[in-house]
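Please read the structure below before turning to the comments.
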Amino acid sequence: MGFRPYIYRLAIKHKLIGEVDNRTNGVLINVEGDEKEIIGFCNEILENAPQASRIKSIEKKRIPVNGYHKFSISGSKSTDNQITEISPDIAVCTDCLDDLDHDTERINYPFINCTNCGPRFTIIEDLPYDRNKTSMRDFAMCLTCTSEYNDILDRRFHAQPVACNKCGPAYTLTDSEKKLSGIEEILIEVSKRINEGKSVAVKGIGGYQLICNALDNKAIIELRRKKHRDSKPFAVMFRDISAVKEYCYLNKAEENEINSWRRPIVILKQREKMSESLNSGLGSIGAILPYLPLHYLLFRKLDTPAIIFTSGNISDEPIIIDDLSAESLLMQVTGSVVCNTRGIVNRTDDSVVRIVDNKISLIRRSRGYVPEPVDLSCNVDGIIALGAEQKSSFCIGKEMLAIMSQHIGDLKNLPTYDFFIESIDRFSSLFRFKPKLIACDLHPDYLSTRHAEMLEKQLHIPIVRVQHHHAHIASVMAENQLDEKVIGVIMDGTGYGTDGNIWGSEFMVADLNEFTRHSHFDYIPMPGGDKAVDEPWRMAFSFLYKYFGNSIDLKKTSAFQSVRKKDIVLVKEMIDKRINTPLTSGAGRMFDAVSAVLGLCPVSGFDSEAPMRLESVIASTTEDHYPFDIGERVVFAKMFKAIIDDLPKVDTSLISVKFHNTIARAVLEVSERIRRETSLNKIVLSGGVFQNKYLLEKTTQLLIEKYFEVFTNHLVPANDGGISLGQLIIASKMKSLCV
Ligand SMILES: [Zn+2]
Ligand SMILES: [Zn+2]
């Protein structure tokens, strides 16, 4: 990504001669010249490196003089090198922002970019990465842009999407009455609408976004109604970091992340009250800073320092990328659509991260991260892993690299499934990938499993079925290049177990070949299957009924206040007769149940609402926890009894902390038992429930105090979005199956 031209410019600045060369294991630079200048040159390499480059280390060596005459870029590019060079999209850089006011050809030009910033993955159709293989193909460069593109001393040297007001793409605004072109008119109209409490659909880098004033409750309610999104929290784009600080708490690590060139949505603790319907009182905000020139230009005009920034789609369908669908579907939501003439080739959502223990924890991995590969310690060439079903992603292997797709979504949704198929084709052609081995989940009904079976028949290649939680463990091992036996602790929602039950609180001893299930949380009936996920009161009833039978006093908790009597009777009958009532050990279901018991979320309005509410009420600190029993399984009967006894005299916040501490404690105690039996000391934590910041931090702290070596996910999500990486590395151990 413009690294060699950068070195070239630096060498010229320091009056050095020599060469820079791309190798498979890094960049080699030979320089000759004045010693002081060479030292200055070396110091500056790190200081001013292009923001998206990854410099792991610099090694310096004195060698005999070669006798160069000038400085030059050398080395032939092999296709394999170029494959690893597909960059994620990069937020607009400060130099380009400055140019918005000073570069005569690019005053207020909303597509300004250079080698250090701008679109990459989202515009690439094929390799090598040249303009004619991107959606910039349709825009012939003007003379100014051409000369900058060809001038190695220019910041826009070989910047493929380079463009200006004269020659590049442009925005238009359409509403029921008019069509506007000209950026100034568009910005005035958009800001007028936002200031008036209306919303607008705006084409971004990886898809359309819907925006409205985040401080205008009425505007948000209206947007929710039209988008068919009842209560799931919206992300908020703030004008600048000081606006973020006004409404959210953030530490240094969070500030670095929200400011980074990847520009993810960062989940922050809320400081100042915003609009009621923004996050239904969850106490956290998904905050993001402007990352396109257009965002910056818009905030210059807006009265509000914060706008709702949400994917342009209808309910849970993939984010819309084509202008025709935007004009037909999003127009109905917002009444006004801002589109542009640059095509989006690869759909990406905004990525979502959280800082846990001062390290990054990915919740949704997409724009800014994809298609950056994960470096592995073993060869995974020719393997495709198809992931889970919800929060789907897939992963392909190229030699020692795992290239994971962007977040795809829930495959049960037909347009999302199409996006999945389309992206597999795109990655296969983009990365010159031919599958020799397929990995998928053990679940027979996942659509990703069905697709794997179809590929198996079509391509006559073998298939490896990987247990869901084994894959979670392996995803952490892959990231950390571990290839040995470890203790694996997975706290998850659901995953298909080898006994046909729904697993999800797993204590395993595993390596990349196999696992043994050491123990797990008690099996609990899940009345209504998936319906019990949507209605946490069902799990609350199920836990209480299992542990206290007919002696349960439902009036002790507010979980059932809003539930019809006949529904409770029905659920009881379902459990008794085992009708549509699978057994689950999913930790997520226990979080659901406790959240419902505390009256926080008897019925869930969006994915993971119950555990999120349970975590969000934590305000007090205590080391106290509830009692539980460890036998063959971990049984929480005593904990549920203590919680019911605590109600209603003990504060909900305190009960929640004690509950979280109990889970952390259970993880510690079971892990210590496994360590005594196996002498293993490395422990891997993963699974969707470990996205809970309090739980992960507390569990890690307890384990480290007892000298465990703890590993977690940082490069891929701990939720099902990271499963495909684990499947890939496990399948690599079965490579003998390959023909
Ligand atoms: Zn730039
Ligand atoms: Zn131009």
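Indicate, rounded to the nearest 5 percent, the antiparallel portion of the DSSP beta bridges found entirely in region 1-152. Before the final figure, lay out each step's value.
Working: 10 of 14 bridges.
Of all bridge pairs located within region 1-152, approximately 70 percent are antiparallel.
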Subject >> Cβ charges +1 (Lys, Arg) and -1 (Asp, Glu), total dipole of region 549-670, debye >> reply: 540 debye
**OP:** Please report, in debye to the nearest 20, how large the charge dipole of region 280-334 is about its Cα centre when each Lys and Arg carries +1 at its beta carbon and each Asp and Glu carries -1 there.
**Re:** 360 debye
**OP:** Give the long-range amide H neighbours of V464: residues separated by 5 or more places, or on another chain, with amide H under 5 Å away, using H modelled in the peptide plane at 1.01 Å from N.
**Re:** I438, A439, C440
Original post:
Among Y547, S558, I579, whose Cα sits farthest toward the positive end of the charge dipole of region 520-585 (+1 at Cβ of Lys/Arg, -1 at Cβ of Asp/Glu, about the Cα centre)?
Top reply: S558
Subject >> With all protein chains modelled, accessible area of E272 [1.4 Å, Å²] >> reply: 90 Å²
Original post:
Taking only the alpha carbons of region 1-153, what extent do you get along each of the three principal axes, in Å, biggest first?
Top reply: 49, 37, 28
**OP:** Quick one: accessible surface of D240, probe radius 1.4 Å, all protein chains present, in square angstrom to the nearest 10.
**Re:** 60 Å²
Subject >> Cβ-based net charge around I473, under 13 Å, with every Lys or Arg adding one and every Asp or Glu removing one >> reply: -4
Subject >> Peptides 578-588, 643-653, 131-141 ordered by average Cβ neighbours within 10 Å, highest first >> reply: 578-588, 131-141, 643-653
Original post:
Going from most exposed to least, what order do R665, R239 have by accessible area with a 1.4 Å probe?
Top reply: R239, R665
Original post:
Can you give the % of DSSP beta bridges in the chain that are antiparallel, to the nearest 5?
Top reply: 70 percent
Original post:
Out of region 438-506, which GluC sites (Glu not before Pro) are coil in DSSP terms and have no more than 10 other C-beta atoms within 10 Å?
Top reply: E484
Original post:
Amide H neighbours of A235 under 5 Å, counting only residues 5+ apart in sequence or on other chains, H built in-plane at 1.01 Å?
Top reply: F309
Original post:
Taking the C-alpha atoms of the chain, how large are the radius of gyration and the largest Cα-Cα span, Dmax, in Å?
Top reply: 27.0, 91
Subject >> Within region 307-451, percent of DSSP bridges classed antiparallel, to nearest 5 >> reply: 80 percent
Original post:
Which lysines, on any chain, are close to K226 with Cα under 27 Å apart, when same-chain ones fewer than 8 places away are left out?
Top reply: K178, K179, K192, K198, K203, K218, K273, K301, K391, K412, K531
Subject >> For region 580-587, 3J(HN,Hα) per residue [Karplus equation, 6.51 cos²θ - 1.76 cosθ + 1.60, θ = phi - 60°, Hz, x = Gly/Pro] >> reply: 6, 9, x, 9, 9, 10, x, 4
Subject >> Table column - 3J(HN,Hα) (Hz), region 410-427, Karplus curve with 6.51, -1.76, 1.60, x for Gly and Pro >> reply: 8, 5, 5, 7, 4, x, 5, 4, 4, 4, 4, 4, 4, 6, 4, 4, 4, 5
Subject >> Amide proton proximity set for M400, modelled H, under 5 Å, gap of 5+ >> reply: V380
**OP:** Go through region 337-349 residue by residue and turn each phi into a ³J(HN,Hα) via Karplus (6.51, -1.76, 1.60, θ = phi - 60°); whole Hz please, and just put x for glycine and proline.
**Re:** 10, 9, 10, 9, 8, 8, x, 9, 8, 10, 5, 9, 8
Original post:
Based solely on its DSSP helices, what 222 nm [θ] is calculated for the chain when runs of n ≥ 4 H residues each add -39,500 (n - 2.57) and the sum is averaged over all residues, nearest 500 deg cm²/dmol?
Top reply: -10500 deg cm²/dmol
Original post:
Just how large is the dipole of the chain about the Cα centre, in debye to the nearest 20, putting +1 at every Lys and Arg Cβ and -1 at every Asp and Glu Cβ?
Top reply: 720 debye
**OP:** With 30 Å as the limit, write out which pairs from K359/K658; K252/K398; K13/K56; K56/K252; K56/K436 have Cα-Cα distances beyond it, or answer none.
**Re:** K252/K398; K56/K436
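Net charge within 14 Å of R131 by Cβ-Cβ distance, Lys/Arg positive one each and Asp/Glu negative one each, not counting R131 itself?
Surrounding charge for R131 is 0.
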Subject >> Proximal charge balance of L570 [Cβ under 15 Å; K/R count +1, D/E count -1] >> reply: +4
Original post:
Hey, if you put +1 on the Cβ of every Lys and Arg and -1 on every Asp and Glu Cβ in the chain, which of I403, N30, F515 ends up farthest toward the positive end of that dipole?
Top reply: F515
Subject >> Mean shadow area of region 177-294, taken as a quarter of the surface of its Cα convex hull (nm²) >> reply: 8.0 nm²
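The values are calculated or read from the model by the stated rules, or taken from the named source; none is laboratory data. Worth saying up front: this structure is predicted, and the values here are computed from it rather than measured. As a convention, Cβ positions derive from the backbone with ideal geometry for all residues, glycine included, and neighbour counts pool all protein chains shown. In case anyone asks, the SASA skips ligands and DNA or RNA and just uses the protein heavy atoms, side chains included. Shrake-Rupley method; radii C 1.70, N 1.55, O 1.52, S 1.80 Å.
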